[in-house]
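Have a look at the structure below, then the notes.
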Amino acid sequence: MNNKIIALVDWSWLGHHPNYFVSYAVALTQAGYRVLPLCSDPNDFTTRLTQALSYSATITAVDLIEEPIQLNNPRQSGIWPRRYRGVHNAWRRFGGLGKRLREWERSQGEQIHLVFFACIYEHQFDFFIKVEKSFGFPWSGLYLHPRSFRISDSPMLKGKEIPCSEKILSSDLLQSIAVLDEGVVEPMSEIAKGKPVISLPDFTDEYLPESAMSESGLANKIKAFADGRPVVCLMGYLYWTKGFCEFTEAAQQPSMYDVVFFIGGELNWAEIDNDKIREVKQAWANSSNILTHFTDLTDAQINAVISASDVVYAAYRDFPSSSNMLTKAAVFKKPVLVSDGYVMAERVRKYETGEVVSEGNVDDIVKGINLMLADGYSDGLKSRAQWEEYHALHSAKRLPECFEKLLSQ
């Protein structure tokens, strides 16, 4: 056990962020660190932490976690000339964070050893190196979508600035960096100039309470709707990159009429034109084999739906990153359908946990689903799929050892 304090930081509290943040806090204490959490919803963090600790009597992390600090996204700069706004936004974000951390050090008589950013998005860190002196702390973090190492000269969203990893990795204060994509560790290490680059597990919440399968539960509603038909599910934060337009189009193909397509989660229409929006909405309203549930889903709900489904759909578009839907599919031993070209396809082929289809190709998607629902496929998959191995590799149990490697500099 050491007395080093890690400030754990995340400005976002949507989607996967709360789950990752709490898990990182617990794992850091298991690795021997004290943790100062800074997030946008300290009350929810405390609630989730209490729940997480209740699952394991062997964890006593609460004594090593300081009182969480409220951290909100700074408002966007409106200064002129406009070209200075990016730097001004970065100064507000990171200069303000550094100020909060130094205030805490003075009030507590303690020293923060390092800041760990639970999620690094390129657009937030774009001008970091221009303001890092006002931030002033050695840091590490999870570089969530290092897409430039998989797709060069490609923006995250159409019309946005192309991310530049050098802007992040050239920071003088950078101590180490973590990624979820093992395939980018080597090329990232070259740019990071010898600083440690560690692959973290893309873990997931595996909790499946009995109440999630009750008659009022979402999974049972899907079963009732399916009435014996096989179920293909797509869930999560649903940007166009999650492939829900192709998912919908596949559901409308004649060979899919006896297959139920469930789509659930938070829906975002960004990047989709109005004609396509009308077409997709009409299909959802009129198709007898499509069931929608557009609201934020808990991990327990997602887990229950996956356990009640026959195929997990993860054939995303323009998505070179990792997804813990593969981990959930491995936990519940369900075949997963992914798009070719990147880390998810590499993993599915390596661990033989499903099928790989051409990105955005509806005909190929339909063929893949038909193959996965064919007689004998499930039995054959059980004999060759390395679900346990994949699950072990991407288990939250590996986090403490990963943090030891990442932060013991």
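No lab work stands behind these numbers, since they all come straight from the coordinates. Just so you know, these numbers come straight off a predicted model, no measurement behind them. Neighbour counts are summed over all protein chains in view; Cβ atoms, including those assigned to glycine, are modelled from backbone coordinates with ideal geometry.
A few remarks follow.
- Listed from fewest to most Cβ neighbours within 10 Å, the set TYR390, TYR316 follows the order TYR390, TYR316.
- Extreme residue, positive dipole direction of the chain, given options ALA25, ALA251, ASN268 (C-beta unit charges): ALA25
- Treating each Cα of segment 210-393 as an identical point scatterer and summing with the Debye formula, the log10 of I(q)/I(0) at q = 0.08, 0.12, 0.15, 0.18 Å⁻¹ comes to -0.22, -0.52, -0.84, -1.27.
- About its Cα centre, the dipole of the chain is roughly 1260 debye, where the only charges are +1 on Lys and Arg Cβ and -1 on Asp and Glu Cβ.
- Straight-line cross-link reach from LYS133 at under 16 Å between alpha-carbon atoms covers these lysines, not counting any fewer than eight positions away in the same chain: LYS99, LYS167.
- Farthest towards the positive end of the charge dipole of the chain, among the residues CYS402, GLY354, ILE306, is the Cα of CYS402, using unit charges on the Cβ of Lys, Arg, Asp and Glu.
- Considering only ILE120, VAL338, LEU297, the residue lying farthest towards the positive end of the dipole of the chain is ILE120, judged by Cα position with unit charges set on Cβ.
- Long pairs among LYS221/LYS276; LYS281/LYS334; LYS221/LYS333; LYS276/LYS350; LYS223/LYS328, criterion Cα-Cα beyond 24 Å: LYS221/LYS276; LYS281/LYS334; LYS276/LYS350
- Fully extending the segment from LYS397 to ASN72 would add 114.0 nm, taking 0.36 nm per residue of separation and subtracting the current Cα-Cα distance.
- Other-chain or far-sequence residues with amide H under 5 Å of ALA385's (modelled H): none
- Residue order for ASP375, ASP340, fewest other beta carbons within 10 angstrom first, comes to ASP375, ASP340.
- Only helices enter the 222 nm calculation for the chain: every DSSP H run of n ≥ 4 contributes -39,500 (n - 2.57), and dividing by all residues gives -11000 deg cm²/dmol, rounded to 500.
- Here the Karplus relation 6.51 cos²θ - 1.76 cosθ + 1.60, evaluated at θ = phi - 60°, turns the backbone of segment 312-323 into coupling constants of 9, 8, 9, 7, 6, 10, 6, 9, x, 8, 7, 9 Hz, with x for every Gly and Pro.
- Fewest-first ordering of SER148, SER321 by other beta carbons within 10 Å of each residue's beta carbon gives SER321, SER148.
- Mean Cα-pair separation over length for segment 210-393, i.e. relative contact order, pairs under 8 Å, 6 or more apart, %: 21
- Rh by Kirkwood over Cα pairs, then Stokes-Einstein D for the chain at 0.890 mPa s and 25 °C, µm²/s: 109
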